[in-house]
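Participant: Starting off with a structure, shown below.
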């Protein structure tokens, strides 16, 4: 499915369910959120340009990781070649891309992006320094192999236009989040146009556009542990789900009460 077709489906979804636009084309905004390749994450990278062959070799090492801890070590080693300035450049690049959005929506989106960049980096450094945590001896999600192959392909394609250094860093941080932490690529609370968000409910991560982005080249969505939400994920829906669960539990109690 072509990218424009997918974005048109996303646009129709949020026009129908979102109760209005955020002041910019919803498809354009969604593209910036779901597709790292869609927009530059900074100006031309400073420092030594990324080697496509070195990226391919690292991706092959990631594919061979037997445990999440082993994958953590590989990712930490690759991210160690970057500096705080690189993270700041990535964040600044995204800020420029969304500067035209309404302030309220833009601020919420940027808060999620900062968590996606700086939060993930901080957790990566802490976990790699402090040793293995719970579940680190388990094998990574089987989708890792396809993800690593996609990263190598995406960086090779980007290299034909410009240095893929920042794109690779974005994919590394997302690999850590999705395959080491087993969390969604975009943090819980990430807002999409129209008001729906990435959410979590009873141990399951929910995304309003998960299935629609499966065929977007180089997108994170096909490898993300989040699942497609079956109902709108507006922030106020959590209170409704809690109330519904309370009523279900109460009904179940009286049904099974033997007193």
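The values are calculated or read from the model by the stated rules, or taken from the named source; none is laboratory data. Note that the structure is predicted; figures quoted are calculated from it, not measured. Because the Cβ atoms are built from the backbone with ideal geometry, glycine has one as well, and the counts that use them run over all protein chains shown.
Participant: Which count do you get for residues in region 202-221 that are modelled with pLDDT under 90, in contact with a strand residue (DSSP E or B) (Cβ under 6 Å, 6 or more places away or on another chain) and not in a helix (DSSP H, G or I)?
Facilitator: Selection size over region 202-221: 1.
Residue-wise test of (1) within 21 Å of residue 81 (Cβ to Cβ); (2) at pLDDT 95 or above.
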residue: 147; (1), (2): yes, yes
residue: 154; (1), (2): yes, yes
residue: 175; (1), (2): yes, yes
residue: 186; (1), (2): no, yes
residue: 196; (1), (2): no, no
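Here is a yes/no grid of residues against (1) over 13 Å from the mean Cα position of the chain (by Cα); (2) surrounded by fewer than 23 Cβ atoms within 10 Å (Cβ to Cβ); (3) in a loop (DSSP other than H, G, I, E, B):
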residue	(1), (2), (3)
133	yes, yes, yes
145	yes, yes, no
172	no, no, no
185	no, no, yes
193	yes, no, yes
200	yes, yes, no
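Participant: From the list 8, 53, 44, pick out the single residue that is modelled with pLDDT of 55 or more, surrounded by fewer than 17 Cβ atoms within 10 Å (Cβ to Cβ) and under 30 Å from residue 208 (Cβ atoms).
Facilitator: Values: 53 fails: under 30 Å from residue 208 (Cβ atoms); 44 fails: under 30 Å from residue 208 (Cβ atoms).
Selected residue: 8, the only one of 8, 53, 44 that is modelled with pLDDT of 55 or more, surrounded by fewer than 17 Cβ atoms within 10 Å (Cβ to Cβ) and under 30 Å from residue 208 (Cβ atoms).
Participant: If the requirement is being part of a helix (DSSP H, G or I), touching a helix residue (DSSP H, G or I) at 6+ places or on another chain (Cβ under 7 Å) and either loosely packed, with under 15 Cβ neighbours inside 10 Å or at pLDDT 95 or above (or both), which of these qualifies: 70, 78?
Facilitator: So the residue among 70, 78 that is part of a helix (DSSP H, G or I), touching a helix residue (DSSP H, G or I) at 6+ places or on another chain (Cβ under 7 Å) and either loosely packed, with under 15 Cβ neighbours inside 10 Å or at pLDDT 95 or above (or both) is 78.
Participant: Right, next: Residues in region 194-201: is at least one touching a helix residue (DSSP H, G or I) at 6+ places or on another chain (Cβ under 7 Å) and on the phi > 0 side of the Ramachandran plot?
Facilitator: yes
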